[in-house]
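The next block holds one structure in the form of structure tokens; read it before the comments.
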Amino acid sequence: MPTLFDEVKVGGVVLPNRVVMAPLTRNRADRDGVPGELAATYYAQRATAGLIVSEGSQPGPLGQGFVNTPGLHREAQLWAWRQVTGAVHAEGGRIFAQIMHTGRIGHPDLVRHRGLADARYPLAPSAVRPAVGMAQTYEGPKEYPWPREMTLAEIRSAVRDFATAARNAVTAGFDGVELHGANGCLLHQFLADGTNRRTDHYGGSLTGRIRFVCEVTEAVADAIGPSRVGLRVSPGNRFNDMNESDTDQLYPALLAAVAPLGIAYLHVYEVGNRETIRRLREIWPSTFMVNPHPVDRPPVDGTLAQEALDEGVADLISFGRHFISNPDLVERLRVGAALTPPDPSTFYGGDHHGYTDYPAAIRLLGR
């Protein structure tokens, strides 16, 4: 059985270990979606990960759902990302950009300062408003507006935006991209029957509801090559007021449709549904990454991660919050050093505190 520290080839990239830094929204870009000056330091500090997946970046202005998140659609954004990827590569790391369109999770106030019409409400597969939670705006939390059902022209435009963002990511030096199809974002909204109530060929049946995700994945694979593309999903995840009545049928159908594209990996966020994960693992033909969250167990650590590898549940294990507070997480797991707990008050927004000032275990161990 492989260990967390064995190398593995993923698409066209050889990873020195199987510890992946999961995408983590940190809300430290400026209002124009340009990554902050400290982003290069932050990601370079974590370059010993087998692979870094960046924080979610919107493919266009209407894909933004949170304050101060970065984009991949303007030259200034690409210039800033070049500093990040250059710093990671200088440290010997590998980094994919996560492309995240939040769909109905957003608010028109987020785009007003760019001169977009106030009536441009968040877009979604159907006009289904989140019943829980609040939208983030620069003026503070506000109620979610009713989203507007996307026209066929807007769906085609969104597909093109994803492909363009992927090309932009490669131009900015990323080794590949991950498509965010999880956690209640736009791709997930098309998959779930609770948010997709369309009656055209993008809704209704399983074939209809998976169509948009398949078209986006195919367009991105055509744009930059399938070996540079990953897809993230979260079967059964109710985050952002999501509801799927047919999870056990939905995701096998999606994987069967996407697998022939030959993309680099599938990334699955587990929500206490290990049996579902095992079934999907059996279906998926290439690299399978899991962000483990088993029922009644603590957050994933080295022991739980290795157990998942030993069980054959995954080829790669992604870690989220542990990477925030442990920039050298791979080495800590390797030598059995204690993990520094993160400070949740610094997760979203702010300066270097809780961002680039966490110490490395190499210093804690006196090495």
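The values are calculated or read from the model by the stated rules, or taken from the named source; none is laboratory data. Since we're looking at a predicted model, the values are computed, not measured. Reconstructed Cβ throughout: ideal geometry from the backbone, glycine too, with neighbour counts over all protein chains shown. Heavy atoms of the whole protein, side chains included, go into the accessibility calculation; ligands, DNA and RNA do not. Shrake-Rupley method; radii C 1.70, N 1.55, O 1.52, S 1.80 Å.
Checking the conditions here, which among 60, 93, 50 is under 23 Å from residue 187 (Cβ atoms) and either open to solvent by less than 10 Å² (accessible area, probe 1.4 Å) or not polar (S, T, N, Q) (or both)?
60
What is the residue count in region 214-238 for residues that are assigned to a helix (DSSP H, G or I) and under 20 Å from residue 22 (Cβ atoms)?
3
What are the residue pairs meeting all of these: first residue in region 318-329, first residue open to solvent by 10 Å² or more (accessible area, probe 1.4 Å), second residue hydroxyl-bearing (Ser, Thr, Tyr), Cβ atoms under 8 Å, and 6 or more apart or on different chains?
From residues that are open to solvent by 10 Å² or more (accessible area, probe 1.4 Å), the pairs are 328/48.
Please enumerate the residues belonging to region 210-221 that are touching a helix residue (DSSP H, G or I) at 6+ places or on another chain (Cβ under 7 Å) and not aromatic (Phe, Trp, Tyr).
Within region 210-221, 210, 213, 214, 215, 216, 217, 218, 219, 220, 221 qualify.
Does at least one position in region 185-198 carry a residue that is open to solvent by less than 10 Å² (accessible area, probe 1.4 Å), within 14 Å of residue 213 (Cβ to Cβ), in a loop (DSSP other than H, G, I, E, B) and not hydrophobic (A, V, I, L, M, F, W, C)?
Yes, there is a match, as at least one residue in region 185-198 is open to solvent by less than 10 Å² (accessible area, probe 1.4 Å), within 14 Å of residue 213 (Cβ to Cβ), in a loop (DSSP other than H, G, I, E, B) and not hydrophobic (A, V, I, L, M, F, W, C).
Name the single residue, out of those in region 199-213 being polar (S, T, N, Q) and assigned to a loop (DSSP other than H, G, I, E, B), that is farthest from residue 155 (Cα to Cα).
Ranking the candidates gives 205 first.
Under the condition of being modelled with pLDDT of 90 or more and under 17 Å from residue 238 (Cα atoms), which residue from region 266-286 is surrounded by the most Cβ atoms within 10 Å (Cβ to Cβ)?
268
Go through 199, 207 for me and flag whichever is polar (S, T, N, Q) and touching a helix residue (DSSP H, G or I) at 6+ places or on another chain (Cβ under 8 Å).
207
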